[in-house]
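The values are calculated or read from the model by the stated rules, or taken from the named source; none is laboratory data. No experiment lies behind these values; they were computed from the predicted model shown. Don't worry about glycine lacking a Cβ; one is built from the backbone with ideal geometry, like all the others, and counts go over all protein chains shown.
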Amino acid sequence: MTAGFSFHAAPPAEVWTNDPNGLIFVGGRYRLFAQASTSAPDFKTIGWGRWSSDDLLCWSWDGLALP
């Protein structure tokens with residue numbers, strides 16, 4: 001999923017994610033972080049991806065927060 005919302009915190013198909021954690025509430029929105037890699041299956045780089053939500057139901061992929 002590249003744009004819009006999802007009922008699951010799911011990244012775009014080309015992004016590998018693992019170890020979701022770090023749910024925080026900032027600026028009126030929930031933020032969820034997870035390990036993420038755009039170089040899978042080589043895993044040359046692993047950073048942190050981020051989703052955001054207003055209601056913990058609909059999630060939007062915000063991309064890599066820390067490459």
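Here the range 44-67 is the region considered, the condition is being under 17 Å from F7 (Cβ atoms) and of a type in the set (D, E, K, R), and the residue that is surrounded by the most Cβ atoms within 10 Å (Cβ to Cβ) is D62. Taken over the range 8-43, the criterion of being surrounded by fewer than 17 Cβ atoms within 10 Å (Cβ to Cβ), at pLDDT 85 or above and polar (S, T, N, Q) is satisfied by N18, N21, Q35. For P11, the test of being in contact with a strand residue (DSSP E or B) (Cβ under 9 Å, 6 or more places away or on another chain), closer than 10 Å to L64 by Cβ, outside any strand (DSSP E or B) and not acidic (D, E) is passed. The test for being on the phi > 0 side of the Ramachandran plot and in contact with a Leu (Cβ under 8 Å, 6 or more places away or on another chain) does not hold for G28.
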